[in-house]
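One structure is given here, and the rest of the page talks about it.
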Amino acid sequence: MEGQKEVLERLRRSFEGGRTRGAKYRRGQLEAVVKLIHDNEAAILEALHRDLRKPHFETVMSEIDITLNEANFALNHLESWMQPEYVSKNLATKFDDCFIRKEPLGVVLIIGAWNYPLQVILVPLVAAIAAGNCAILKPSEVSGATEKLLAELVPKYLDQDCYAVLCGGAEETKDLLKNRFDHIFYTGSQAVARHILLAAAPHLTPVTLELGGKSPCVLWGGLDIPSAARRLAWAKFFNAGQSCVAPDYVLCHPKIVEPLLAALKVTLEEFYGAQPRESPHYGRMVADRHWDRVKGLLERSQGRVAIGGDSDKEDRYIAPTVLVDVDESDSLMEEEIFGPVLPILTIPSLDSAVDFINRKDKPLALYVFSESSEVVTTVLERASSGGFCSNDGMVQMTLPGLPFGGVGASGMGRYHGRWGFDTFSHSRAVMLRGWGLERVNVLRYPPYTPPRLSWLRWATTISRKDGWGCSVM
């Protein structure tokens, strides 16, 4: 059986031989990803149900269709993405060809997460293939059924000399990171991300980090409370709250709390029935230790459980839970919850909500629910986040035309659509010059004289334009 180094060397030989560079090859491998999913939808549904008790509906929406949409989007735009991008020139380069050439980086490493174990491996892979790279995939061992399925299917459908799946836990990943890659793409926690950066440093390997954080949801001003409750509950309790862009906590005026709670109670019964544990539409925590962590946060909280609160470790079940009377120092505000627990905090003003958000690390997502465009614009302009959505949750990540990624502690770099292609590409500056006009070139050669400098500055200076597009001296 091949070791890590042997697999990496095999892929590097393929890349250096130019195997992945042509548009026809890239298109064929992207079509293979689509076929892999179509042919094995039943097996994918079964694996995700075993790992997370993920409902059929949620798996199709968040794992299968998102990946298919990314692959089809790349297939629709591949040739245009690969075209050189010509740039503006000055007088001195008027007769030169000046453009940006998108080139593949080489052999890249994609390390996936357990909460969306198919999507967060295959969507970056789509981008890496489109950009012309070879790739090693490292799925999360926590979602073991999906890990096993990927290890079985990827070699069957994709070129084994260019794409490989390596399985294992923390030690295997640590050994893998000792190798030199041309890019590392990691989805997961901030704690592990620090180790990724340290491992990448000796090789000066560029890194994309897709992390998480505590994504706030601000409810302010006039709003449709029943609709807000449905959208908030869907985004929070989808995948049992195990989503990096799930609303992590709510900030609202005290007067909104009781109407919101009443609407959430109605909504959760509509979604999951009177006994959510019996619902086929509600998932489970992925593993015992993740159940323990979320249950521990809940037990240490000083807030009041207003909805839910019951749990069963043997079933890895935590009910959809909402707490009120939570303050900033509460255990639920110490770290990303990453589970089906929603704390509601009250604030006296919109300014105080913005100040609250800005005291924290920059989140991966920021949500504002309000009928007032002024409220939405205020939060959008005054608080930073990886992504932003008004009057809904999580849907911003489903559109391939929008970049997905964090800022500050919530990550670095972005992907989806063209943004993923660019992440796995080197933007190479190219200037193609001929041998003509040498009599003009002498202006830059020694001996230097004031007249030569004057002519050169005239030929190369970029003039500033006023608001009307006219040059300003």
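Could you tell me how many of the residues in the range 258-275 are under 25 Å from GLY213 (Cα atoms) and surrounded by 19 or more Cβ atoms within 10 Å (Cβ to Cβ)?
Qualifying residue count for the region: 3.
Tally up the residues in the range 8-34 that are within 14 Å of LEU158 (Cα to Cα) and not in a helix (DSSP H, G or I), please.
Qualifying residue count, the range 8-34: 2.
Give the residues of the range 185-222 that are more than 21 Å from the chain's Cα centre (by Cα), crowded, with 20+ Cβ neighbours inside 10 Å and assigned to a loop (DSSP other than H, G, I, E, B), sorted by residue number.
Hit for the range 185-222 is TRP220, nothing else.
Can we say GLY168 is on the phi > 0 side of the Ramachandran plot, buried (at least 21 other Cβ atoms within 10 Å of the Cβ) and not assigned by TED's automatic domain parsing to the domain that holds TRP455?
no
For the range 360-387, give me each residue that is within 19 Å of LEU223 (Cβ to Cβ) and either surrounded by fewer than 19 Cβ atoms within 10 Å (Cβ to Cβ) or modelled with pLDDT under 95 (or both).
GLU371, SER372, SER373, GLU374, THR377, LEU380
Do we have ALA429 as at pLDDT 95 or above, farther than 30 Å from SER349 by Cα and of a type in the set (A, V, I, L, M) here? Step through it out loud before you land on a result.
Numbers: at pLDDT 95 or above: yes; farther than 30 Å from SER349 by Cα: yes; of a type in the set (A, V, I, L, M): yes.
Considered against the rule, which asks whether it is at pLDDT 95 or above, farther than 30 Å from SER349 by Cα and of a type in the set (A, V, I, L, M), ALA429 comes out as yes.
Output the helices (runs of 4 or more DSSP H) that fall wholly within the range 223-332 and possess 3 or more residues being in contact with a Pro (Cβ under 9 Å, 6 or more places away or on another chain) and modelled with pLDDT of 95 or more, or say none.
225-237, 254-272
Just the residues that are part of a loop (DSSP other than H, G, I, E, B) and over 24 Å from MET412 (Cα atoms), please, taken from the range 333-386.
Those that are part of a loop (DSSP other than H, G, I, E, B) and over 24 Å from MET412 (Cα atoms): PRO340, ILE347, PRO348, SER349, SER370, GLU371, SER372.
Mind listing just one residue for me: the one in the range 40-87 that is of a type in the set (Ser, Thr, Tyr) and either modelled with pLDDT under 95 or touching a Leu at 6+ places or on another chain (Cβ under 7 Å) (or both) and, of those, farthest from ARG27 (Cα to Cα)?
Per the criteria, the residue is THR59.
Say whether the condition of being under 30 Å from GLY112 (Cα atoms), of a type outside the set (S, T, N, Q) and touching a Cys at 6+ places or on another chain (Cβ under 6 Å) is met by at least one residue in the range 235-254. Write out each step before concluding.
From the range 235-254, those under 30 Å from GLY112 (Cα atoms) are 235-250; that's our starting set.
From what's left, of a type outside the set (S, T, N, Q): 235-238, 240-241, 244-250.
When the remaining residues are screened for being touching a Cys at 6+ places or on another chain (Cβ under 6 Å), the result is 247, 250.
Yes: one or more hits.
Which of the residues spanning the range 129-171 are farther than 18 Å from THR187 by Cα, basic (Lys, Arg) and free of Cβ contacts under 8 Å to residues at least 40 places away in the same chain?
Of everything in the range 129-171, nothing turns out to be farther than 18 Å from THR187 by Cα, basic (Lys, Arg) and free of Cβ contacts under 8 Å to residues at least 40 places away in the same chain.
Can you find even one residue in the range 407-422 that is of a type in the set (S, T, N, Q), crowded, with 17+ Cβ neighbours inside 10 Å, modelled with pLDDT of 95 or more and at negative phi?
Start the filter on the range 407-422 by keeping residues that are of a type in the set (S, T, N, Q), which leaves 410.
Adding the requirement that they be crowded, with 17+ Cβ neighbours inside 10 Å leaves 410.
From what is left, the residues that are modelled with pLDDT of 95 or more are 410.
Adding the requirement that they be at negative phi leaves 410.
Among the residues of the range 407-422, at least one is of a type in the set (S, T, N, Q), crowded, with 17+ Cβ neighbours inside 10 Å, modelled with pLDDT of 95 or more and at negative phi, which makes the answer yes.
Which of the following residues is touching a strand residue (DSSP E or B) at 6+ places or on another chain (Cβ under 6 Å), over 24 Å from LEU364 (Cβ atoms), among the aliphatic types (A, V, I, L, M) and assigned by TED's automatic domain parsing to the domain that holds LEU345: ALA306, ALA262?
Selected residue: ALA306, the only one of ALA306, ALA262 that is touching a strand residue (DSSP E or B) at 6+ places or on another chain (Cβ under 6 Å), over 24 Å from LEU364 (Cβ atoms), among the aliphatic types (A, V, I, L, M) and assigned by TED's automatic domain parsing to the domain that holds LEU345.
Can you tell me which residues in the range 434-455 are aliphatic (A, V, I, L, M), part of a helix (DSSP H, G or I) and modelled with pLDDT under 90?
Residues of the range 434-455 aliphatic (A, V, I, L, M): 437, 440, 442-443, 453.
From what is left, the residues that are part of a helix (DSSP H, G or I) are 440, 442-443, 453.
Result: VAL440, VAL442, LEU443.
Being surrounded by 14 or more Cβ atoms within 10 Å (Cβ to Cβ) and in contact with a Gly (Cβ under 9 Å, 6 or more places away or on another chain) is the filter here; which residues of the range 12-46 pass it?
Hits for the range 12-46 are ARG12, PHE15, THR20, ARG21, TYR25, ARG26.
Considering each residue of the range 273-312, count those that are farther than 22 Å from SER243 by Cβ and in contact with an Asp or Glu (Cβ under 7 Å, 6 or more places away or on another chain), and give that number.
The total comes to 2.
Under 9 Å between Cβ atoms, at least 6 apart or on separate chains: pull out the pairs that start in the range 198-222 with a residue that is assigned by TED's automatic domain parsing to the domain that holds MET394 and more than 24 Å from PRO403 (Cα to Cα) and end on any residue that is of a type in the set (Asp, Glu) and surrounded by fewer than 22 Cβ atoms within 10 Å (Cβ to Cβ).
Partner pairs satisfying both residue conditions: GLY221/GLU371; GLY221/GLU374; GLY222/GLU371.
In the range 130-148, how many residues are touching a Leu at 6+ places or on another chain (Cβ under 8 Å) and either surrounded by fewer than 23 Cβ atoms within 10 Å (Cβ to Cβ) or farther than 24 Å from VAL60 by Cβ (or both)?
Of all residues in the range 130-148, those touching a Leu at 6+ places or on another chain (Cβ under 8 Å) come to 130-131, 133-139, 143, 145-146.
Imposing the further condition that a residue be either surrounded by fewer than 23 Cβ atoms within 10 Å (Cβ to Cβ) or farther than 24 Å from VAL60 by Cβ (or both) reduces the set to 131, 133-136, 138, 145.
Residues meeting the conditions: 7.
Condition first: touching a Leu at 6+ places or on another chain (Cβ under 6 Å) and not charged (D, E, K, R). Now tell me which residues in the range 95-129 satisfy that.
Listed by number, the residues that qualify are VAL107, ILE110, ILE121, ILE129.
The values are calculated or read from the model by the stated rules, or taken from the named source; none is laboratory data. The shown structure was predicted, so the numbers you read here are calculated from the model rather than taken from an experiment. As a convention, Cβ positions derive from the backbone with ideal geometry for all residues, glycine included, and neighbour counts pool all protein chains shown.
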